[in-house]
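Visitor: The structure follows.
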Amino acid sequence: MPITVKELADICGARLEGGDSATVVNSAADITSAQNGQVTQLTNSRYAKYIKDSTASACFIAEGFGVENVPENMALLVCADPEMSFIKAVELLHPARVYDRKISPQAVLETNVTLGNELYIGPYAVVGENANLGDGSEIHAGAYIGKNTKIGKNCRIYPYAVIYDDVEIGNNVIIHSGAIIGADGFGYKFRNNVHVKVPQVGNVVIEDNVEIGANTCIDRGALGSTLIGAGSKIDNLVQVGHNNKIGKNVIMCGLTGVSGSCNIEDYAILAGSSGIADHVTIGSGAVVMARSGVAGDVKAGTQVFGSPAKDKKTAYKEQIAISKLPELLKRVKMLEEKIQTLEKDA
């Protein structure tokens, strides 16, 4: 959607400095690649070096952000929060695809399905018996919605996502392709030299405004529910085991694995490739840093690192000490040789 720099500034609440207010902007790009007709942002001084040679038509920056060598043809869009203003600009210039509100004749709807208003159900999607779909939701091609599943308003289920039976999904939830919600939890008892499966008869409950990435798996509770709290964002390729309680506004980055019956409290962050043992509590606002292995509870507001994970400062000191081991071993060997020489001469 092409728009002038002046119109963009007005919509995004920015003050215009320099450039040509009548210049038309038609897309957005990052500071390293933006060209004429594009808008970009500069929010980190590490990237200020790129602005000198940039041909971007406009750039969002923060009030008081010092920047030199701004090209004559570049308009600065000065605002209180350039990141949020840039997001608004991207949404305006690159609007999401709008699907016609219709049900494809190739879709399969089983008995007693309750349909809200203004739905889109794509070709070869399957909606199981007694499912309930809220107003404005989208079920894309090839997605599977199990029986007794409830999906709220304005949800978007992308192609080939699988929602098992009895799952409850709130409003404004996004589930990306290949995600599997409600598969059996990994529960077995070892008896008579065989692994006996523990029946998994619970469900998954996903609250409002959650986004779940592609190929992520969230297991149903063995008994009761696996819960994903409102506003939480789960990346691609994440495993959430059975009976976990994920709080509100939690961030879980790619390749994270959470074993069963954990409690991840509000605003916690699990960085990429972190692993959480079963029956662990991660306190509110705590951060588990990338590639950390957590075997015990993490206190609220703390940051842990390593495997086994421990306080970040302690873990960093240990890493520094380990890096010095080769030199230390060399010195020990040298001292041993000197001692041996002294003993021979004694």
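The values are calculated or read from the model by the stated rules, or taken from the named source; none is laboratory data. Bear in mind that the values here come from a model prediction, so they are computed numbers and not experimental data. Because the Cβ atoms are built from the backbone with ideal geometry, glycine has one as well, and the counts that use them run over all protein chains shown.
Visitor: Looking only at segment 81-101, decide whether some residue is of a type outside the set (Lys, Arg) and farther than 30 Å from Ile157 by Cα.
Guide: Yes - at least one qualifying residue is present in segment 81-101.
Visitor: Can you tell me how many residues within segment 46-94 are closer than 18 Å to Ala9 by Cα and not in a loop (DSSP other than H, G, I, E, B)?
Guide: Within segment 46-94, residues that are closer than 18 Å to Ala9 by Cα and not in a loop (DSSP other than H, G, I, E, B) number 22.
Visitor: I would also like to ask the following. Can you find, within segment 321-346, the residue that is farthest from Gly306 (Cα to Cα) among those that are basic (Lys, Arg) and within 58 Å of the chain's Cα centre (by Cα)?
Guide: Lys338
Visitor: Can you confirm whether Gly128 is surrounded by 13 or more Cβ atoms within 10 Å (Cβ to Cβ) and within 17 Å of Asn172 (Cα to Cα)?
Guide: No: the conditions fail for Gly128.
Rundown of residues vs (1) touching a Phe, Trp or Tyr at 6+ places or on another chain (Cβ under 8 Å); (2) on the phi < 0 side of the Ramachandran plot, yes/no style:
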{"residue": "Ile163", "(1), (2)": "yes, yes"}
{"residue": "Tyr188", "(1), (2)": "no, yes"}
{"residue": "Asn192", "(1), (2)": "no, no"}
{"residue": "Asp208", "(1), (2)": "no, yes"}
{"residue": "Asp219", "(1), (2)": "yes, yes"}
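Visitor: Write out, first by first residue and then by second, each pair whose Cβ atoms fall under 6 Å of each other, whose residues are 6+ apart or on separate chains, and whose first residue, in segment 14-32, is modelled with pLDDT of 95 or more while the second is exposed (fewer than 14 other Cβ atoms within 10 Å of the Cβ) and not β-branched (Val, Ile, Thr).
Guide: Filtered contacts from segment 14-32: Val24/Pro2; Asn26/Pro2.
Visitor: Could I ask something else about it? Any residue at all in segment 196-207 that's in a strand (DSSP E or B), small (Gly, Ala, Ser), over 27 Å from Met289 (Cβ atoms) and touching a Lys or Arg at 6+ places or on another chain (Cβ under 9 Å)?
Guide: no
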